[in-house]
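Let me begin by presenting the structure, written as structure tokens, before commenting on it.
The values are calculated or read from the model by the stated rules, or taken from the named source; none is laboratory data. Everything numeric here is computed off the predicted structure, so don't read it as measured data. Ideal geometry is used to build each Cβ from the backbone, glycine not excepted, and the neighbour counts take in all protein chains shown. When the accessible area is computed, the model is the full protein with side chains, heavy atoms only, and any ligands, DNA or RNA have been set aside. Shrake-Rupley method; radii C 1.70, N 1.55, O 1.52, S 1.80 Å.
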Amino acid sequence: MVRGKALIILLLLAIQSFAQGVGIDQWRDHLPFTNTIAIVHADGIIYGATSSGMFSYNLDDNSIETYSKANILSDVGITALRYNEFDGSLFITYENANVDILKGNEVYNIPDIKLKNMIGNKTINDVHFIENLAYLACGFGIVVIDIERKEIKDTYYIGENGTQINVNDISSDGQSIYAATDIGFYEASLTSSNLADFSFWELDIALPEGKYSEVEYFNNEIIAVFYHNRVPGNTDMDTVYVYNGVTWDLFFDSTFYPVNDIYANDESITIVRANNLSVYGVDKVRFKYIYKWYESNIKINTALYLPDNNYWMATKYSGILYQNSENETIQIRPNGPADFKAISLTNGGNNDIWVAPGGYNTALNPINTKGNIYHFENEKWSEFGSIEHLDTLKDIISITVDPNNNDKIYASSWNRGLVEIEGKEITNVYWDPNSTISNQQAAPDFQSIRCGGSAFDAEGNIWVSNALVSNNLCVKTADNQWYSFSFGTLTSTTTEAIDIIVTSNDQKWILLPKNGGILVYDHNGTIDNVSDDNYTKLTTAAGSGNLPSNDVVCLAEDHDGEIWVGTNSGVGVFYSPTLIFEGQDYDSQQILIERDDFTEYLLENERVTTITIDGGNRKWIGTQNSGVYLLSESGSTEIKHFESSNSPLLSNTILDIAINTDGEVFIATDKGIVSYRSGSSTPAPTYESVFAFPNPVNESHTGDIAITGLVSNTIFKVTNISGELIYQAEAEGGMGVWNGKTYNGERVSTGVYLVFATKSDGSMSIATKILVIK
């Protein structure tokens, strides 16, 4: 027996194991944990919730864990998080009225309110517990959930004559239940025979008429927050009242900043405002005041106070802040991008991903988003917002990485020109004075320099699209010379120009939004001589592109040199783009597919927002309303279709897709970024860096095993140590996938398995070894 163990140890030492982010067909989230909207304490663990997901902090071992739709939660858009002492569970509610009950590592979902067909606001604003019942403050009234049975017990419409009313918060004193609503403060006796009857609910006329945002029971008294009309110049923001059982009295009059939350425990009540929190004892005398006015990046959403002077603040920009009895402040925030916004993603070439978080409105006007860039590398996110002056270079909408220097990037600003960054330092900003990139003619200097995108060619020249100017295309050559190009009557100073790609045959394809089609340009190898230039505009007209629509949204070139075009009416493919300037038929074609016994054009009723090509030349297509499609190389076969209803996708609105070298597919939605490990990766030039993961494969692993680092067009074979063939398949790009089974579907036994790779010339070499422990 000892000899057997020694053998396993030797085998483990002989096989190199590589840590990977996720396995084949697995998902993970890349969410911001900055804007923490709720915080609770449960059994030695602090939980914080953002709109996208949750995280926990263990007070004993300081460990942090994250929770999202990618691993355990049922939805996104969290509105409330509450700890239920009755059974030790967490109640999580969402803006679409979905409800999760999290206990340990299991989630029980209650989708009844979400699925209910009703007119009105279904948002769940808060949760209050009374023994075994959970009272949900909803946009239409109150829903009662039986905690033991995990089902809806009752619904209360408490407005006048039983009408819907937005309930913001609920509390109770053991005898009565109180509701803070948009039109006033309501109460009812818990001993009433039928609280579903609106007549048992009473509007408290002793309080001012209007909206009440918070209610809390503390020390035998009721605390209520009267929400003032929060308009600019109104310094009297909110008023806090206290009811002693006989009369309502003024407790706290907030000026300048509204009351964001109130939190009570047996010993104190905490009143939270954006820049400070005040803690009062049972005598209603303030004994603690935390002031954060001087820290502009901190806005307090809510807070809780634990014994021994421990204060936990859920903030808008900094996750959770913990302040101990020595007034030391510690930030608790899982690693992630600083925000969920991501208008475009870029593969950095070093297995990393760049994110541009800027944007523009539906009219393509700048929205003045502060300049920032997010970068995912070595399993960690970093941001560039701290770079000097970057925040003034607004609305960064795309990133281009220098192929000769992966540490240098170019950021296109839809407001301030082209930003050159090396390391974490701005090395140049290109606009009128130092380049041919022009300012919008009607705008003041340096106020509207709209760069839509950029792309490098094979010679190291970077091409830049420039909107609303006479010359819509610029180039900075490898020797730092600038040129610009105009296209006669095809464009003008009203022409928008956003995305740009440089194709393998050195054509420049520029996306022209607002039904402008596509501009294609060929400088014929002479940038400084325009006399031999060729250019044309592609439209829906036959002989001029035959696009599915002039509303073009995205462009991509596949590994065969074909140009795939995404429009608001599906996909068009240019199979022979080299013919565009040769007087031959080059029009795009739409792909016919079979669906439900009918033949139709691929995604003809969808707005295609992004097309990305993976290592196996398969097409990843993102849409405006129906999620992500993975299509075969030709586009005629649907391999996968991910929607928010059948996958961890955060939303069906897809903004962009990028795939890193290892084949992890990053998907930007309007609610944040998730990623999925596909079965394809970028082909390697040689077999020198082939490896498998997971490796070793332990008995608990039930998924696929990936062999990556293969060259293109590889046939890989798996044999046992005796050379008996176990499995054979063709790799997708640079990755082969083995299910760990033999041809007859049986799991292989414990042992070492060899992977052989066959090159396109027929030669074979051993690529790697895999240890399977059954």
Q) aromatic (Phe, Trp, Tyr), within 24 Å of residue 570 (Cβ to Cβ) and assigned to a strand (DSSP E or B), is that true of residue 463? A) no
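Please go through the stretch 562-582 and pick out each residue that is more than 17 Å from residue 611 (Cα to Cα) and outside any helix (DSSP H, G or I). Step through it out loud before you land on a result.
Taking the stretch 562-582 and keeping what is more than 17 Å from residue 611 (Cα to Cα), we get 576-582.
Listed by number, the residues that qualify are 576, 580, 581, 582.
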(Q) Show the residue pairs meeting these rules: Cβ distance below 7 Å; 6+ apart or different chains; first residue within the stretch 727-739 and free of Cβ contacts under 8 Å to residues at least 40 places away in the same chain and more than 17 Å from residue 772 (Cα to Cα); second residue in a strand (DSSP E or B) and open to solvent by 50 Å² or more (accessible area, probe 1.4 Å). (A) 728/715; 728/717; 730/715
Q.
Just checking, does the stretch 99-109 include any residue being in contact with a strand residue (DSSP E or B) (Cβ under 9 Å, 6 or more places away or on another chain), under 17 Å from residue 49 (Cα atoms), touching a residue at least 12 places away in the same chain (Cβ under 8 Å) and among the hydroxyl-bearing types (Ser, Thr, Tyr)?
A. no
Q: Could you name every one of the strands (runs of 3 or more DSSP E) located completely within the stretch 48-162 that has at least 1 residues being closer than 23 Å to residue 29 by Cβ and of a type outside the set (Gly, Ala, Ser)?
A: 54-58, 64-67, 78-84, 89-94, 99-103, 106-110, 124-130
**Q.** Checking residue 760 against (1) buried (at least 23 other Cβ atoms within 10 Å of the Cβ); (2) assigned to a loop (DSSP other than H, G, I, E, B); (3) not charged (D, E, K, R), the condition it does not meet
**A.** (1)
Q | Meets criteria (out of contact with any Gly (no Cβ under 9 Å at 6 or more places or on another chain), of a type in the set (A, V, I, L, M) and either part of a loop (DSSP other than H, G, I, E, B) or surrounded by fewer than 19 Cβ atoms within 10 Å (Cβ to Cβ) (or both)) for residue 188 | A | no
Q: Please specify each residue of the stretch 533-575 satisfying the condition of being open to solvent by less than 30 Å² (accessible area, probe 1.4 Å) and of a type in the set (S, T, N, Q).
A: 549, 567
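To keep it simple, each residue is scored yes or no on (1) touching a Ser or Thr at 6+ places or on another chain (Cβ under 9 Å); (2) of a type outside the set (Lys, Arg); (3) without any contact (Cβ under 8 Å) to a residue 60 or more places away in the chain.
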| site | (1), (2), (3) |
| --- | --- |
| 494 | no, yes, yes |
| 499 | yes, yes, no |
| 504 | no, yes, yes |
| 533 | yes, yes, yes |
| 551 | yes, yes, yes |
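Collect the residues in the stretch 252-262 that are aromatic (Phe, Trp, Tyr) and open to solvent by less than 60 Å² (accessible area, probe 1.4 Å), keeping them in residue-number order. Working first, answer last.
Restricting attention to the stretch 252-262, the residues satisfying the condition of being aromatic (Phe, Trp, Tyr) are 252, 256-257.
252, 257, listed by residue number.
Of all residues in the stretch 494-531, which are over 25 Å from residue 344 (Cβ atoms) and either of a type in the set (S, T, N, Q) or in a loop (DSSP other than H, G, I, E, B) (or both)?
Answer for the stretch 494-531, where residues must be over 25 Å from residue 344 (Cβ atoms) and either of a type in the set (S, T, N, Q) or in a loop (DSSP other than H, G, I, E, B) (or both): 523, 524, 525, 526, 527, 528, 529, 531.
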Q: Would you be able to say whether some residue in the stretch 136-145 is closer than 29 Å to residue 108 by Cβ, modelled with pLDDT of 95 or more and more than 33 Å from the chain's Cα centre (by Cα)?
A: no
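Scanning the stretch 603-625 for residues that are in a loop (DSSP other than H, G, I, E, B) and closer than 22 Å to residue 679 by Cβ, which turns out nearest to the chain's Cα centre (by Cα)? Before you say what the answer is, go through the steps one by one.
Initial filter on the stretch 603-625 (in a loop (DSSP other than H, G, I, E, B)): 603-607, 614-618, 624-625.
After this cut, where a residue has to be closer than 22 Å to residue 679 by Cβ as well, the list is 614-618.
Numbers: 614: 20, 615: 23, 616: 25, 617: 25, 618: 23 Å.
Out of the qualifying residues, it is 614.
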Q | Every residue from the stretch 489-524 that is more than 20 Å from residue 561 (Cα to Cα) and touching a Phe, Trp or Tyr at 6+ places or on another chain (Cβ under 8 Å) | A | 490
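Suppose we keep only residues that are among the basic types (Lys, Arg) and either assigned to a strand (DSSP E or B) or in contact with an Asp or Glu (Cβ under 8 Å, 6 or more places away or on another chain) (or both) within the stretch 667-724. Which one would you say is farthest from residue 621 (Cα to Cα)?
Residues of the stretch 667-724 that are among the basic types (Lys, Arg), as a first pass: 671, 677, 717.
Filter once more, keeping what is either assigned to a strand (DSSP E or B) or in contact with an Asp or Glu (Cβ under 8 Å, 6 or more places away or on another chain) (or both): 677, 717.
Working: 677: 16, 717: 31 Å.
Filtering the stretch 667-724 for residues that are among the basic types (Lys, Arg) and either assigned to a strand (DSSP E or B) or in contact with an Asp or Glu (Cβ under 8 Å, 6 or more places away or on another chain) (or both), the one farthest from residue 621 (Cα to Cα) comes out as 717.
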Q: Report the residue count in the stretch 317-340 for those that are surrounded by fewer than 17 Cβ atoms within 10 Å (Cβ to Cβ), assigned to a loop (DSSP other than H, G, I, E, B) and modelled with pLDDT of 90 or more.
A: 1
Q. Is the stretch 662-680 home to any residue that is in contact (Cβ under 8 Å) with a residue 60 or more places away in the chain, among the β-branched types (Val, Ile, Thr), out of contact with any helix residue (DSSP H, G or I) (no Cβ under 9 Å at 6 or more places or on another chain) and open to solvent by 10 Å² or more (accessible area, probe 1.4 Å)?
A. no
Q.
Which numbered condition in (1) farther than 30 Å from residue 556 by Cα; (2) in contact (Cβ under 8 Å) with a residue 12 or more places away in the chain is the only one that residue 350 fails?
A. (1)
Q. On the given criteria, is residue 653 among the hydroxyl-bearing types (Ser, Thr, Tyr) and at pLDDT 95 or above?
A. yes
